[in-house]
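The values are calculated or read from the model by the stated rules, or taken from the named source; none is laboratory data. Here the structure is a predicted model, which is why all the values come from computation and not from measurement. A quick note on method: Cβ atoms are made from the backbone with ideal geometry, for glycine too, and the neighbour counts reach across all protein chains shown. Surface accessibility is based on the protein's heavy atoms, side chains included, excluding ligands, DNA and RNA. Shrake-Rupley method; radii C 1.70, N 1.55, O 1.52, S 1.80 Å.
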Amino acid sequence: MAKKKSRPRGHMVAQNRRARRDYTISETYEAGMQLTGTEVKSLRLGRATITDAFASERHGELWLFGAHIPEYPGAANQFNHEPSRARKLLMKRKEIAELLGASQRKGMTIVPLGIYFNRRGFAKLELALGEGKHTYDKRQTVKTRDWNRQKARLIRDKG
């Protein structure tokens, strides 16, 4: 069983806010990424987009597709990386088996939630197992969020 993390600690580089709206998140995982030097430098500048990204299996390993890390402006063109290339995710075999099993058997999706730097300075990806929400579920989520905000305002103004 994977550890349930409350929030990643460190410098958040990119977030996928749409994922929490479109999916019901059940479990979160932390994964390392196999990056080149210019990708890390570009991430340290806070430049990355993972809105359209997804994780999938290739040859028994987990890969991140669709993530966009722009080229590093200070590097020569011959040393720069391809911005939208597939990146290998570094996880334990047991965690990969859990993620792939849930995605194949239960029809869940492996969704990237955010990229951040941990305390040691390594770039990490926060992955989650998500089940797609229907439109009526999304509306219900918005209603409960608005109601909770109104309750907080009423309590704050009266108290």
- prompt: With the other protein chains left in place, how much accessible area per residue, in square angstrom, belongs to the chain at a 1.4 angstrom probe?
  reply: 65 Å²
message: Computing the accessible area with a 1.4 Å probe over protein heavy atoms, can you report the carbon and sulfur percentage for the chain?
response: 49 percent
task: Taking chymotrypsin sites (Phe, Trp or Tyr not before Pro) as candidate sites, keep only those in a DSSP loop with at most 16 other Cβ atoms within 10 Å, then name the longest stretch of the chain containing none of them.
output: 1-78
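Determine, from the Cβ-Cβ distance of Leu90 and Met12 and an R0 of 25 Å, the FRET efficiency 1/(1 + (r/R0)^6), rounded to the nearest 0.05.
On the way: r = 19 Å, r/R0 = 0.77.
Efficiency at R0 = 25 Å is approximately 0.80.
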query: Ignoring ligands and nucleic acids, what accessible area does Leu62 show with a 1.4 Å probe (Å², nearest 10)?
result: 0 Å²
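Can you compute the charge dipole magnitude of the chain about its Cα centre, using +1 on each Lys and Arg Cβ and -1 on each Asp and Glu Cβ, nothing else charged? Give it in debye, rounded to the nearest 20.
Working: 34 positive and 16 negative charges, 188 e Å.
Here the size comes out at about 900 debye.
Label segment 78-128 by shape, choosing from rounded, prolate and oblate, from the square roots a ≥ b ≥ c of the eigenvalues of the Cα gyration tensor; if a/c is under 1.5 it is rounded, and otherwise prolate applies when a/b is larger than b/c, oblate when it is not. If you can, show how the numbers build up before the last one.
Numbers: a/c = 2.29, a/b = 1.63, b/c = 1.40.
Because a/c hits 1.5 or more and a/b exceeds b/c, segment 78-128 counts as prolate.
Dipole magnitude of segment 77-159 about its Cα centre, charges +1 at Lys/Arg Cβ and -1 at Asp/Glu Cβ only, in debye to the nearest 20? Let's see the in-between values first.
Values: 21 positive and 8 negative charges, 64 e Å.
So the dipole magnitude of segment 77-159 works out to roughly 300 debye.
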statement: Karplus-derived 3J(HN,Hα) from phi for segment 53-62 (6.51 cos²θ - 1.76 cosθ + 1.60, θ = phi - 60°), whole Hz, x at Gly and Pro, runs 7, 8, 10, 8, 9, 9, 6, x, 10, 9
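Counting other Cβ atoms within 10 Å, keep those with at most 11, restrict to DSSP loop, and tell me which trypsin sites (Lys or Arg not before Pro) in segment 73-116 are left.
Numbers: sites: Arg85, Arg87, Lys88, Lys92, Arg93, Lys94, Arg105, Lys106; in loops: Arg85, Lys92, Lys106.
Those that pass, being in a loop and sparsely packed, are Lys92, Lys106.
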statement: Reported to the nearest 10 Å², Asp157 has, with a 1.4 Å probe, an accessible area equal to 120 Å²
query: In deg cm²/dmol, rounded to 500, what helix-only [θ] at 222 nm does the chain give when every DSSP H run of at least 4 residues adds -39500 (n - 2.57) and the total is split over its residues?
result: -10000 deg cm²/dmol
task: Please give the solvent-accessible surface of Arg20 in Å², to the nearest 10, using a probe radius of 1.4 Å with every protein chain present.
output: 110 Å²
query: Computed from these coordinates, which is Rg and Dmax of the Cα atoms in Å: (i) 14.1, 41; (ii) 18.0, 63; (iii) 31.0, 101?
result: (ii)
- line: Unit-weight point scatterers at every alpha-carbon of segment 3-90, Debye formula, q = 0.10, 0.11 1/Å: log10 I(q)/I(0) is -0.28, -0.34
